[in-house]
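Novice: Got a structure for you, written out below as structure tokens; questions coming shortly.
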């Protein structure tokens, strides 16, 4: 077998499958047969709009960056992995030479090559090659889907780490999509005493409740009415109004982590930010989060499988993207390239 | 009733009960009828040696500083508490005017008045008066003994806070006495992935196991043999050898919090501290830890009642101190002044 | 002499002098004869609008909070000060009992009593009484005017402290008013390698240059054209456009401290804040900055006297306010109540 | 010309010059003609003892790691440097793949290859090849000797950075050797208000004075008598007694950075470390310090040339090592391989 099937985005709303040669791993790389790939909001956005901000799909692009699988070949110098190991893939490879990389902020590396971000192909593909240093073995207790969903968990760990979360914190997570639900569980694992999730989608709120999280349906109640005064806001909605409202009810010296992507502008209540000395920061992907995330998933402190609401083959990627966009009951669609 | 019974340390090894007038709370104070008081190692040390470093018992001293009880009277200006409330007492009252206090490090206030530290009397007493600001209401889910044992939990929270503990950390707690066992549980609540406790006392190690903690009996195995390489060492033994051994097996950039009190000198492996850039700091009492600790105890994340191995009346304080000192099965003796 | 003259704001645009009894210091207070008081933008704002946000002047108010003078009487318990000492006054007295105070963030104390903030009178007055703990002796090398202007220097120190400024940082200060010019000098004293100040007022930019600071006249050049890519932005203009422009040219992992007060809303470029993981925070007054500030002023690292462009007697407060508001050559007007 | 001269340490006390081929730079490397190399205490230690702790000289070793020079050839992929540029060399090349490197702590990389640390050769050599990423162009205002002495300045910057130095700090530097004198100047550039250096060598103390630093001759006066109560101790002596004495006089919440290398053990006053919550940490080399250091040297805030007390050719390396060891007037000996 020397070719593989790959799902390709050709333009706005145009996805089909093509045959490509299976790549060979270089000396420091491994070949991974992809088992499960989560569909992310950014995949949907590229499918719908053909771009995200400055990143424009101007040639065929393979989507998908929440990927797990099995190692099927290793390069000559690879000692950290073996053929047959189940793995999770960190989808961004930084340059490791620039000031950001040397300072430990490799997520801010201007030269990073990141899956499914033009011009770099992603993981809606039967196989991918990756540097071994960004492929992590996973324990048996982590399911195939969860191996892929470690990626959004890295996002959650990064948000909690930047928020310096610890016991004693009251946390508000705005938005009960996959990132919000995973981040909220992560916040609880960091010891937060009260973690509340907001949304207007009853399916998502119900899942939040099943996961043991506090909820506020912001179509029914304001945060103030719900008695929320958070020390930490983990903004996962990308919604301007939700951001404003959350910040406007925070406790003194609170921290806001902007995880959700939305418009070009964020508006904040200035006097509130000043008088209470709120700290606001963006979170961009993650760095050095994988060992923590693997522990959180393996110990069951974060339930990733609970996110999964549907599975799709490589020929059904369009259906997976559409469901993610339109179906209010879809939380996380999974693409299984081998099925 | 205008008098109360108080247990007084008169000199080395000399404790008896005397009658004293019940104090009246000043305008900003409350009167607390003491329910439970834990016996701390420092109480035992004063009983046995008549001093701790520069603190010398040169006049009669009431011991006991891990105290909970019920508010029985309140000063004219007190609005934060009501008569009848079950409370936990923070036993140190800082000056709130010095640079340390203004900087939020009130535990380092040189003018602090701390229970059972000469010349300030403690809580082996039927009643005490305290500024209302240092008396905290406790939830019904916290037992009387636990109301007192919130004090050593403040120590544990402070140690974890100074260690900046979070998921992803491997933690070694040296010493499975009450402080060690409480601190280890606290570390777990902070999200530490692996928490191991060391001791040589099988009773203590067994309790650690029952609490779900990892253990190493260092009379049987070295830390290296046990495969321990901690990111964080919470030193709760006060033992010089345990400190040296723990520091000598740490991971790079590890943090050591010196909680246990022991000799005049701590010896550390210099090249190891330098080559791995270990960070070592002392922890002295605590500051601003009470709301976190109440949450940890009320939610069951830290089990304080499991520490309790015996109860003693005010006339049996000497027995409580002796058991704490000599009986290997005693973990935490509780004095109940009202019984 | 038992009465003193006080300048009172009676309503929008209405200031006059009245006679009041000289107050007596309580046991922990001192009486200070005011030498110099800087006119602050907030004084001008109250004079012009009768309010700042929620703070409304609904009864006569004494303005002025940048005050220095000489101790003329001390309370019975005061040991830190003597009659005749030249002093600087910290104009806010926090409660020292709330969680913010106990955590060392007394600037966020909800119960603070702050000079010239309704309903608390300020320092355009011949005498004031203050708790001794908030009155600091100044060295002979600090002029009378500088003793008052230590207050805006506390603002600058707080901004630099929150920005964690150190050598290696490139700093942009937006706005060359007194706060901007003092903060920029403070940034240099913190070791920042390049400190650039922006404004459109040529008088202010010229003073910035005389102080050895880099300048950009943003009416003539964009920040991008001027080649500015700051690690730290100290926003001292309160201008929405200046804020947006400054944030939009920052380096990765940059920090923005919002010092200047302006509209109700701050708009920030969201993708930029996220992709570069900028950190934005408000600065509200200051806490524990006085010893640092006194050193910076006494050593000449920050030149406060250079700010002073005019002196006014107590009967000329209106002229001082008007010049501060309307005269482009006025940087800092000083009121001398004794002249 | 295809060969060069290299000074080689053959065993304890045995140094001679040999001819070696001039190396060729790989694609990402540059060839540097060495101009000046500072003699470091570690060079002297290898010369005298043939080892430093676990690092044993068991085959010929080229010493010297404080090196500057001129680029004479560049690899095919190098774009950051040009032939003819004056440069400073960072003498350690980390792996950039391990967890320490990815976390930004590349100084703790277990796989680092560091000049003059067995088995890696150093810079007492006419030429060396280095990855371009660790070779930095220097401004004309930096002398040849200073280009080499940027290396000890990186040590000083790292120490101050770990100490979180800023205005308001009182700093004690123990040991007035080259590292102490450079670190003390760096501390001043970080804004420290008082920087005092201790030693017993009058030549060194005199130089400290000329550099404008405070001094205490600890053969004449105790720190306590000298009124020293430091917030930060930068331990540069490697002397056990100096460390103990310095720590024993510190202010509450002080920080101690252990820079100097000495015995196997560091002894600290335990009660003092605990009661004052001192923070002690080792400093190991440095990471990401070069842009800051270049600024400090170029602006004259740190005077490196003042350290230089003698120059030696490649055939006089033994004399340079001996002077560094035995001559009390030698502060920093410089080897100039081209002379």
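The values are calculated or read from the model by the stated rules, or taken from the named source; none is laboratory data. Worth saying up front: this structure is predicted, and the values here are computed from it rather than measured. Cβ coordinates were reconstructed from backbone atoms using ideal geometry, including for glycine residues, and neighbour counts include every protein chain displayed.
Novice: Taking the stated definitions as given, is residue C:83 on the phi < 0 side of the Ramachandran plot and in contact with a helix residue (DSSP H, G or I) (Cβ under 9 Å, 6 or more places away or on another chain)? Don't jump to the end; show me each part of the working.
Specialist: On the way: on the phi < 0 side of the Ramachandran plot: yes; in contact with a helix residue (DSSP H, G or I) (Cβ under 9 Å, 6 or more places away or on another chain): no.
No: the conditions fail for residue C:83.
To keep it simple, each residue is scored yes or no on (1) over 30 Å from residue C:255 (Cα atoms); (2) part of a helix (DSSP H, G or I); (3) in contact (Cβ under 8 Å) with a residue 40 or more places away in the chain.
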| site | (1), (2), (3) |
| --- | --- |
| C:44 | no, yes, yes |
| C:58 | yes, no, yes |
| C:72 | yes, no, yes |
| C:141 | yes, no, yes |
| C:145 | yes, yes, yes |
| C:148 | no, yes, yes |
| C:151 | no, yes, yes |
| C:155 | no, yes, yes |
| C:160 | no, yes, yes |
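Novice: Quick check on my filter: what residues within region C:1-38 are surrounded by fewer than 20 Cβ atoms within 10 Å (Cβ to Cβ), in contact with a helix residue (DSSP H, G or I) (Cβ under 8 Å, 6 or more places away or on another chain) and free of Cβ contacts under 8 Å to residues at least 60 places away in the same chain?
Specialist: Correct list: C:12, C:13.
Novice: Can you pull out every residue in region D:11-25 that is assigned to a strand (DSSP E or B) and out of contact with any strand residue (DSSP E or B) (no Cβ under 7 Å at 6 or more places or on another chain)? Break it down into steps so the answer makes sense when it comes.
Specialist: To start, the set of residues in region D:11-25 that are assigned to a strand (DSSP E or B) comprises D:11, D:14-21.
D:11, D:14 - these are the residues of region D:11-25 that are assigned to a strand (DSSP E or B) and out of contact with any strand residue (DSSP E or B) (no Cβ under 7 Å at 6 or more places or on another chain).
Novice: Further question on the same structure: Just give me the residues in region D:113-137 being buried (at least 24 other Cβ atoms within 10 Å of the Cβ) and in a loop (DSSP other than H, G, I, E, B), in sequence order.
Specialist: The answer is D:115, D:116, D:122, D:123, D:124.
Novice: For region A:178-195, what are the residues that are within 14 Å of chain B (Cβ to nearest Cβ), in a helix (DSSP H, G or I) and touching a helix residue (DSSP H, G or I) at 6+ places or on another chain (Cβ under 9 Å)?
Specialist: First, pick out the residues of region A:178-195 that are within 14 Å of chain B (Cβ to nearest Cβ): A:182-183, A:185-195.
Among the residues that remain, those that are also in a helix (DSSP H, G or I) are: A:182-183, A:185-189.
Those that are within 14 Å of chain B (Cβ to nearest Cβ), in a helix (DSSP H, G or I) and touching a helix residue (DSSP H, G or I) at 6+ places or on another chain (Cβ under 9 Å): A:182, A:183, A:185, A:186, A:187, A:189.
Novice: Do the conditions hold for residue C:321, that is, is it out of contact with any strand residue (DSSP E or B) (no Cβ under 9 Å at 6 or more places or on another chain), at pLDDT 95 or above and not in a strand (DSSP E or B)?
Specialist: Details: out of contact with any strand residue (DSSP E or B) (no Cβ under 9 Å at 6 or more places or on another chain): no; at pLDDT 95 or above: yes; not in a strand (DSSP E or B): yes.
Considered against the rule, which asks whether it is out of contact with any strand residue (DSSP E or B) (no Cβ under 9 Å at 6 or more places or on another chain), at pLDDT 95 or above and not in a strand (DSSP E or B), residue C:321 comes out as no.
Novice: Right, next: Need the failing condition index for residue C:100 against (1) without any contact (Cβ under 8 Å) to a residue 40 or more places away in the chain; (2) crowded, with 24+ Cβ neighbours inside 10 Å; (3) in contact with a strand residue (DSSP E or B) (Cβ under 6 Å, 6 or more places away or on another chain), just the number.
Specialist: Unmet for residue C:100, out of (1) without any contact (Cβ under 8 Å) to a residue 40 or more places away in the chain; (2) crowded, with 24+ Cβ neighbours inside 10 Å; (3) in contact with a strand residue (DSSP E or B) (Cβ under 6 Å, 6 or more places away or on another chain): (3).
Novice: Right, another one. Against the definition (more than 14 Å from chain A (Cβ to nearest Cβ), assigned to a loop (DSSP other than H, G, I, E, B) and closer than 29 Å to residue B:100 by Cα), how does residue C:227 come out, yes or no? Before you say what the answer is, go through the steps one by one.
Specialist: Details: more than 14 Å from chain A (Cβ to nearest Cβ): yes; assigned to a loop (DSSP other than H, G, I, E, B): yes; closer than 29 Å to residue B:100 by Cα: no.
No; evaluated as a whole, the condition is false for this residue.
Novice: Residue A:271 fails exactly one of the following numbered conditions: (1) at pLDDT 95 or above; (2) out of contact with any helix residue (DSSP H, G or I) (no Cβ under 9 Å at 6 or more places or on another chain). What is the number of that condition?
Specialist: Checking residue A:271 against (1) at pLDDT 95 or above; (2) out of contact with any helix residue (DSSP H, G or I) (no Cβ under 9 Å at 6 or more places or on another chain), the one that fails is (1).
Novice: Just checking, does region C:196-209 include any residue being within 14 Å of chain D (Cβ to nearest Cβ) and in contact (Cβ under 8 Å) with a residue 40 or more places away in the chain?
Specialist: If we filter region C:196-209 for residues that are within 14 Å of chain D (Cβ to nearest Cβ), which is where we start, we get none.
Scanning region C:196-209, I find no residue that is within 14 Å of chain D (Cβ to nearest Cβ) and in contact (Cβ under 8 Å) with a residue 40 or more places away in the chain, so the answer is no.
Novice: Follow-up question, since we're still on this one. I need a count of the residues in region A:291-314 that are more than 7 Å from every other protein chain (Cβ to nearest Cβ) and either outside any strand (DSSP E or B) or closer than 30 Å to residue C:108 by Cα (or both). Working first, answer last.
Specialist: Taking region A:291-314 and keeping what is more than 7 Å from every other protein chain (Cβ to nearest Cβ), we get A:293-294, A:297-314.
Next, only the ones that are either outside any strand (DSSP E or B) or closer than 30 Å to residue C:108 by Cα (or both) stay: A:293-294, A:297-307, A:314.
Residues that pass the stated criteria total 14.
Novice: To continue, here is another question. Out of region A:136-162, which residues are within 14 Å of chain B (Cβ to nearest Cβ), at pLDDT below 95 and out of contact with any helix residue (DSSP H, G or I) (no Cβ under 7 Å at 6 or more places or on another chain)?
Specialist: none
Novice: Being within 7 Å of chain A (Cβ to nearest Cβ), farther than 19 Å from residue C:164 by Cβ and not in a loop (DSSP other than H, G, I, E, B) is the filter here, so list the residues in region C:252-290 that pass it.
Specialist: C:265, C:266, C:267, C:268, C:269, C:270, C:271, C:274, C:275
Novice: Residues of region B:78-97 being under 23 Å from residue C:292 (Cβ atoms) and crowded, with 18+ Cβ neighbours inside 10 Å, which ones?
Specialist: B:94, B:96
Novice: Please enumerate the residues belonging to region C:163-177 that are in contact (Cβ under 8 Å) with a residue 60 or more places away in the chain, in a loop (DSSP other than H, G, I, E, B), within 14 Å of another protein chain (Cβ to nearest Cβ) and buried (at least 24 other Cβ atoms within 10 Å of the Cβ).
Specialist: If the condition is that a residue be in contact (Cβ under 8 Å) with a residue 60 or more places away in the chain, in a loop (DSSP other than H, G, I, E, B), within 14 Å of another protein chain (Cβ to nearest Cβ) and buried (at least 24 other Cβ atoms within 10 Å of the Cβ), then C:163, C:165, C:169 are the ones that fit.
Novice: Something else about it: Take residue C:185 and decide whether it is surrounded by fewer than 24 Cβ atoms within 10 Å (Cβ to Cβ) and in contact with a strand residue (DSSP E or B) (Cβ under 9 Å, 6 or more places away or on another chain). Outline the logic, then answer.
Specialist: Numbers: surrounded by fewer than 24 Cβ atoms within 10 Å (Cβ to Cβ): no; in contact with a strand residue (DSSP E or B) (Cβ under 9 Å, 6 or more places away or on another chain): yes.
No, not satisfied.
Novice: Mind checking which residues of region A:232-247 are away from every other protein chain (no Cβ under 11 Å) and within 20 Å of residue A:221 (Cβ to Cβ)? First the steps, then the outcome.
Specialist: Our first condition is that a residue be away from every other protein chain (no Cβ under 11 Å); within region A:232-247, this holds for A:232-234, A:236-237, A:239, A:241-242, A:245-246.
If the condition is that a residue be away from every other protein chain (no Cβ under 11 Å) and within 20 Å of residue A:221 (Cβ to Cβ), then A:233, A:234, A:236, A:237, A:239, A:241, A:242, A:245, A:246 are the ones that fit.
Novice: Another question about this same structure. If residue C:126 passes every condition in (1) touching a strand residue (DSSP E or B) at 6+ places or on another chain (Cβ under 9 Å); (2) within 14 Å of another protein chain (Cβ to nearest Cβ); (3) over 28 Å from residue B:100 (Cβ atoms) but one, which one does it miss?
Specialist: Every listed condition holds for residue C:126 apart from (2).
Novice: Across region C:74-102, which residue is farthest from the other protein chains (Cβ to nearest Cβ) among those that are assigned to a loop (DSSP other than H, G, I, E, B) and over 26 Å from the mean Cα position of the chain (by Cα)?
Specialist: C:83
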